[in-house]
1. Of LEU275, LEU76, LEU55, which is the most mobile in a GNM of the chain whose springs link Cα atoms less than 10 angstrom apart?
2. Hey, which of these cross-link pairs are over 19 Å Cα-Cα: LYS38/LYS60; LYS114/LYS200; LYS92/LYS318; LYS200/LYS318; LYS18/LYS318; LYS276/LYS322?
3. What distance in nm separates the two pseudo spin-label positions at SER30 and ARG82, each 7 Å out from Cα along the beta-carbon direction?
4. Under 8 Å for C-alpha pairs, at least 6 residues apart: give me the relative contact order for the stretch 9-102, rounded to a whole percent.
5. Counting only DSSP beta bridges with both residues in the stretch 107-389, tell me the antiparallel percent, nearest 5.
6. What are the ³J(HN,Hα) values, in whole Hz, obtained from phi via the Karplus relation 6.51 cos²θ - 1.76 cosθ + 1.60 with θ = phi - 60°, for each residue of the stretch 214-219 in sequence order, with x given for Gly and Pro?
7. Output the Kirkwood hydrodynamic radius of the chain, Cα pairs only, in Å rounded to one decimal.
8. Would you kindly state how much longer the chain becomes between LYS276 and ASN100 on full extension, computed as 0.36 nm times their sequence separation minus their alpha carbon distance, in nm to one decimal?
Amino acid sequence: MLRDLKVDPYGVEVMSPKGISHLVRINAVSCIAANILKQEMLSLGGDAALPRDVLTGGFKSTGCILMGNLSQFNRLQEKLNRQPFNLNRLGKELAVVLANYRRGAFLIDAAGYKLDLSRRTCVMGILNLTPDSFSGDGMYRLAGSGKEVIRAHAEDMVAGGARILDVGGESSRPGAKPVSVKEEVSRTIPVIQYLVKKIKVPVSVDTCKPEVARRALDNGAFMINDISGLRDDAMLKVVSRFQAAVIIMHMKGRPRTMQRNPVYKSLIDDIIGYLKAAIARAEEAGIAAGKIVVDPGIGFGKTLGHNLEILRRLREFKVLGKPILAGPSRKAFIGKLLNVEPPQRVSGTISACVLASANGANIVRVHDVKEVAEALTVSDAILSGSVTDC
């Protein structure tokens, strides 16, 4: 709007940050530091919310919420650099978090593919090679001999708008029983070998087994979708060795037990904390920062209320500085809201994906590619204000 008003370019640069407001929650600082933050924010025209007992010395440490515009936060960072009580470290962390939150462009470069996530929401098509998929779309019987049928299905997804295909050989539905490495390899690797030669879009592999991941990457896959969140050190080594892209997902517990009364102290904070630690492990293991995607794990150890809160607050995961994947497709929470079985959850999936995209998702993982991709083409155009981005 400032440019439309023909404001001087220097004025646009100076005034734009004043129009971008932020609430920043800090979970734990000393009460002395919290009081300094309060005074510094007030001096800049912002504010900080603190518990009453911080002023009376009732707490040794506390959380607080900083309130201000981007210009005020930029000046706060400069002032904190000269402060004691670890506030100089906090200032640096604050700068990183705000930069991450504002970041909108990502490029994943792996295995000869470059996936641009800067302009429109990327649709990942799900290709299940399991006999017990919750969604009822498993192609298990075709994994060995029906490659042409699988190819036709894959080509339909690509034609419908899929920019990644995610191949899975083990069901992760609640209560699912694990399968052996040998069985998962027999389901997935022949199909991956075939698709890499026949399909133009990159192939991702949904697995938490390092040996399956190794075989998949050795046969042309470009990404590992690990629902266990890189808990296995051997998986870290495999992904690092191949310099593959990886999706780190949050799951509370294991598929067989994850839906047994999942409880969180603070849902979003807990998931962000888990993902932040997993990212640190990945980067320490040699996985390039630009090859990591995060997934808060909708439906994996979450209640109906948890899933809705994650989608509503998805933008908060931007503080991690990584592309965000959302996977609401045909999930049970949609079935509970609409009282329908998985094949009838398309409209609910579309709604969840459009809102996920509007709230910060860079990738959506779906069964119904064409329907979701068309909806996102429209919503992306509306949100971007430019049809050239579609």
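Only the coordinates and a few stated rules stand behind these numbers; no lab work does. Quantities reported herein were computed from a predicted structural model and do not represent experimental measurements. When we count neighbours, we look across all protein chains shown, and the Cβ atoms used for this are built from the backbone with ideal geometry, even at glycine.
1. LEU55
2. As for pairs spanning more than 19 Å Cα to Cα, those are LYS200/LYS318; LYS18/LYS318.
3. It is 2.0 nm.
4. RCO, the stretch 9-102: 31 percent.
5. The answer is about 10 percent antiparallel.
6. Couplings: 4, 5, 5, 5, 5, 10 Hz.
7. Kirkwood hydrodynamic radius for the chain: 22.5 Å.
8. Length gained between LYS276 and ASN100: 62.1 nm.
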